[in-house]
Amino acid sequence: MEHRYALVSVSNKEGIVEFSKALVQQKIRILSTGGTAVVLKKAKIPFTEVSEVTGFPEMLDGRVKTLHPIIHAGILARRDRKEHLKTLQDHHIQRIDFVVCNLYPFEATIQKTKVSIEEVIENIDIGGPTLIRAAAKNHADVVVVTDPSQYPEIIA
């Protein structure tokens with residue numbers, strides 16, 4: 001039986017431990033990055049680092065984590081297209097069935113009274129919107145989760 005995967009990479013960590021535990025209880029394997037991986041590890045929730053899957057480390061001070069063909073092919077492959085599934089198989093790519101991602105707190109950052117331009121720039125999220133858009137494009141096959149308020153409904 002092929003495994004089901006969830007990519008879990010969130011800026012807002014509210015409820016992510018409980019939600020991730022629920023995913024694992026449903027036999028969904030978790031892929032994670034950066035600070036989310038640290039939280040999952042601390043909570044003893046099993047996961048695989050995205051870098052283990054891609055063969056590339058997080059780089060450029062964390063600016064590049066999930067921007068990789070292995071991740072996006074796993075999200076974008078249509079399950080109803082044999083040629084898509086064959087391509088995944090040929091390249092040893094796992095399907096990603098859930099994308100759990102919320103964006104860097106850009107608005108909150110720019111509203112700070114003493115914020116540096118460097119902090120503002122680093123809160124322009126690139127990977128998060130890319131993951132969300134890829135998952136939305138393949139919404140027939142991928143569950144897109146962008147807010148902790150959605151966790152109870154997804155778990156149910």
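The values are calculated or read from the model by the stated rules, or taken from the named source; none is laboratory data. Note that the structure is predicted; figures quoted are calculated from it, not measured. Glycine also receives a Cβ, built like all others from the backbone with ideal geometry; neighbour counts cover every protein chain displayed. The area values use the complete protein model at the heavy-atom level, side chains included, leaving out ligands, DNA and RNA. Shrake-Rupley method; radii C 1.70, N 1.55, O 1.52, S 1.80 Å.
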Selection within the range 85-112 - over 11 Å from the mean Cα position of the chain (by Cα) and of a type in the set (Phe, Trp, Tyr): Tyr104, Phe106
Options Ala6, Ala22; residue that is in contact with an Asp or Glu (Cβ under 9 Å, 6 or more places away or on another chain), closer than 20 Å to Thr146 by Cβ and not acidic (Asp, Glu): Ala6
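One residue is enough: does the range 96-107 have a residue meeting the conditions closer than 21 Å to Ser11 by Cα, free of Cβ contacts under 8 Å to residues at least 12 places away in the same chain and open to solvent by 60 Å² or more (accessible area, probe 1.4 Å)?
Of the residues in the range 96-107, the ones closer than 21 Å to Ser11 by Cα are 96-107.
Now restrict to residues that are free of Cβ contacts under 8 Å to residues at least 12 places away in the same chain: 107.
Among the residues that remain, those that are also open to solvent by 60 Å² or more (accessible area, probe 1.4 Å) are: 107.
Yes: the range 96-107 contains one or more residues that are closer than 21 Å to Ser11 by Cα, free of Cβ contacts under 8 Å to residues at least 12 places away in the same chain and open to solvent by 60 Å² or more (accessible area, probe 1.4 Å).
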For Ala22: the one exception among (1) touching a residue at least 60 places away in the same chain (Cβ under 8 Å); (2) not in a helix (DSSP H, G or I): (2)
Val38 vs. criteria modelled with pLDDT under 95, assigned to a helix (DSSP H, G or I) and within 21 Å of Ala77 (Cβ to Cβ): no
Cross-chain or 6+ apart pairs with Cβ under 8 Å, the range 34-59 first and over 14 Å from Gly15 (Cα atoms), then polar (S, T, N, Q) and part of a helix (DSSP H, G or I): Phe47/Ser20; Pro57/Ser51; Glu58/Ser51
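Given the criteria surrounded by 16 or more Cβ atoms within 10 Å (Cβ to Cβ), in contact (Cβ under 8 Å) with a residue 60 or more places away in the chain and part of a loop (DSSP other than H, G, I, E, B), does Arg78 qualify?
The answer is no for Arg78.
Here is a yes/no grid of residues against (1) in a helix (DSSP H, G or I); (2) surrounded by 14 or more Cβ atoms within 10 Å (Cβ to Cβ); (3) more than 14 Å from the chain's Cα centre (by Cα):
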position: Gly128; (1), (2), (3): yes, yes, no
position: Leu131; (1), (2), (3): yes, yes, no
position: Val144; (1), (2), (3): no, yes, no
position: Glu153; (1), (2), (3): yes, no, yes
Residue count, the range 41-87 (criterion: touching a helix residue (DSSP H, G or I) at 6+ places or on another chain (Cβ under 6 Å), aliphatic (A, V, I, L, M) and more than 21 Å from Ile126 (Cβ to Cβ)): 3
Boolean, Ile96 is in a loop (DSSP other than H, G, I, E, B) and of a type in the set (A, V, I, L, M): yes
Considering residues of the range 16-75 that are touching a Leu at 6+ places or on another chain (Cβ under 9 Å) and of a type in the set (Asp, Glu) only, the residue surrounded by the fewest Cβ atoms within 10 Å (Cβ to Cβ): Glu52
